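**Q** This is the structure I have questions about; it appears just below.
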Amino acid sequence: MDFRFSEEQEALRASVRDALSGWLPREQLFAAIDDGASLPAGRWEEMAALGWTGLLVPEEHGGAGCGLVDMTVVCEEMGRLPLPGPFFASAVLAVLAARALGAVDLLPALADGTKVGTVALDEAGTHGDPLAAVATRATPSGDGYVLDGLKPTVLDGARADFAIVVARDDAGLAGFLVESPRGEVVPGLDPTRELARLQLTATPAQRLGPAGDQTALWRRFVDDAGIMLCAELVGACDGAFEAAGEYAKSRVQFGRPIGTFQAVKHIAADMLQALTLARVGAHYAAWCSDTDAPDREQAAAMAKSWVAEAAIHVTGDNIQIHGGVGFTWEAGGHLWYKRAKANDLMLGRQGWNRARVADLILGPALPV
């Protein structure tokens, strides 16, 4: 079985890397962060013109009809930067949710970038299964519904044109469309992403997707979106590892580059091992989803548990190799580390995913 990327996928990677390096060199990246994690003017439109925003959208709805493996290539490069702005919220989360629910009328505007969407799922106290923690309630009202609840950390929930909100009605879990959510911007660990607090109080909404309980659809969404978070983290690890290597070769102590010291070599070897395993796990999980492999769910849970842990270690070790300068704002190593920590907390933490892997392999634990 050949898990190498195709020539077309490698060409896509090269074009994304070249574009991002030209658009957001280090000084402009920090300027974008200071501007509330906003992309510089015109960059979103350029992404849309290049087709990035529509990669996961089927061709019949104006997109490229690509799968998760293709989006993995793009997400890795965006994690390598790491990229500010609404790409992940709109081109990944909103598109995956709209596809899962059959809300095809939302897809053309997401594909061409004329609208930015997001998904509001995680709620306060989400330590295990993010779907089990959903307490937001949907109540029928007229021709639609009203929502009551709190979504404390919605990616780009202040600037999105719409949010697909996961809530409970009498049938179970379901997705609901909220136009112009206008959440309140709140501070987050990752300065390259904008988070919003979405307080829902009799908020008008329209139910999306099939009737009945949609838990199975949202479970697949959590798995697929989690794989894309892993792809971002592989890119963050790659960027951190490269930065650590360049610094170790150029920083001289006691008359020799620090990379020649055994202690630094050991750290770098551990970083490379973690990065390699993370990359394999994320790529395999994406392939399993695209092909609906029998071990798809297990591969997704394994990736989310291992890649998050590996990324925290790799990005942290990059800071350690840089020494005192590694802890400064200007060095930038903290951006990869914060992205790793934040992605670990989204859509199911690594501890819960380890428990999922155990349950899928061994069967659910018996009650004590």
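**Q** Figure the gain on full extension for A216 and F327 (residue separation times 0.36 nm, minus the Cα-Cα span) and round it to one decimal in nm.
**A** On the way: separation 111, 0.36 × 111 = 39.96 nm, distance 4.29 nm.
Extra length available between A216 and F327 comes to 35.7 nm.
**Q** Let me ask something else about it. Work out the length of the dipole vector of region 181-338 about its Cα centre, built from +1 on the beta-carbon of each Lys and Arg and -1 on the beta-carbon of each Asp and Glu, and round it to the nearest 20 debye. It would help to have the intermediate numbers written out before the result.
**A** Values: 14 positive and 18 negative charges, 62 e Å.
Dipole magnitude for region 181-338 comes out near 300 debye.
**Q** Here is a further query. Taking the Cα of F261, stepping 7 Å toward and past its beta carbon, and measuring to each backbone N in region 295-330: which are under 17 Å?
**A** 317-327
**Q** Could you give the DSSP H helices of the chain that reach 30 angstrom or more along their long axis (alpha carbon positions) and whose average Kyte-Doolittle hydropathy is no lower than -0.5? All intermediate terms of the calculation are to be shown ahead of the outcome.
**A** Working: long enough: 215-250 (52 Å, 0.33); 262-291 (44 Å, 0.32); 296-322 (38 Å, -0.08).
Sorted by number, the helices that extend far enough and score high enough are 215-250, 262-291, 296-322.
**Q** When the chain is fully extended, how far beyond the present Cα-Cα distance does T114 get from A269, taking 0.36 nm per residue of separation? Can you show the working numbers first?
**A** On the way: separation 155, 0.36 × 155 = 55.80 nm, distance 4.48 nm.
Extending this stretch completely gives an extra 51.3 nm.
**Q** If you look at just the Cα atoms of the chain, how large are its Rg and its Dmax in Å?
**A** 20.6, 77
**Q** Once fully extended, how much extra length lies between E60 and I361, figured as 0.36 nm per residue of separation less the alpha-carbon to alpha-carbon distance?
**A** Working: separation 301, 0.36 × 301 = 108.36 nm, distance 3.84 nm.
Length difference between fully extended and current span is 104.5 nm.
**Q** Below 15 angstrom from the Cβ of A11, what's the summed charge of the other residues (Lys, Arg +1; Asp, Glu -1)?
**A** On the way: positive: R4, R13, R17; negative: E7, E8, E10, D18, D70, E76, E77.
Net charge in that neighbourhood comes out at -4.
**Q** Simple spin-label model, 7 Å along Cα-to-Cβ: R354 to Q199 in nm?
**A** Here the answer is 3.8 nm between the modelled labels.
**Q** Under a Cβ-only charge scheme (Lys and Arg +1, Asp and Glu -1), can you give me the dipole magnitude of region 159-243 about the Cα centre, in debye to the nearest 20? Display every interim value, and only then the final one.
**A** Details: 8 positive and 13 negative charges, 61 e Å.
Taking the Cα centre of region 159-243 as origin, the dipole is about 300 debye.
**Q** Relative contact order of the chain: what whole-number percent is it, with Cα pairs under 8 angstrom and at least 6 residues apart?
**A** 16 percent
**Q** Same structure again: List the trypsin sites (Lys or Arg not before Pro) within region 81-149 that fall in a DSSP loop (any state other than H, G, I, E or B) and whose Cβ has at most 12 other Cβ atoms within 10 Å. The partial results should precede the final answer.
**A** Values: sites: R99, K115, R137; in loops: K115.
Sites meeting the loop and neighbour criteria: none at all.
**Q** Size of the dipole of the chain about the Cα centre, Lys and Arg at +1 and Asp and Glu at -1 on the beta carbon, nothing else charged, in debye to 20? Display every interim value, and only then the final one.
**A** On the way: 31 positive and 47 negative charges, 221 e Å.
For the chain, the charge dipole is close to 1060 debye.
**Q** Enumerate the lysines that K151 could reach by cross-link, defined here as Cα to Cα under 18 Å, with residues fewer than 8 away along the same chain left out.
**A** Cα-Cα hits under 18 Å: none found.
**Q** What does the charge count around L189 come to, taking other residues whose C-beta lies under 11 Å from its C-beta (Lys +1, Arg +1, Asp -1, Glu -1)?
**A** Residues near L189 contribute +2 overall.
**Q** Calculate, for D295 and H127, the FRET efficiency according to 1/(1 + (r/R0)^6) with r their C-beta to C-beta distance and R0 35 Å; round to the nearest 0.05. Could you put the intermediate results ahead of the total?
**A** Details: r = 26 Å, r/R0 = 0.74.
Plugging the Cβ-Cβ distance into 1/(1 + (r/R0)^6) gives 0.85.
Coordinate-derived values only; no laboratory data. None of these values were measured; they are calculated from a predicted model. Ideal geometry is used to build each Cβ from the backbone, glycine not excepted, and the neighbour counts take in all protein chains shown.
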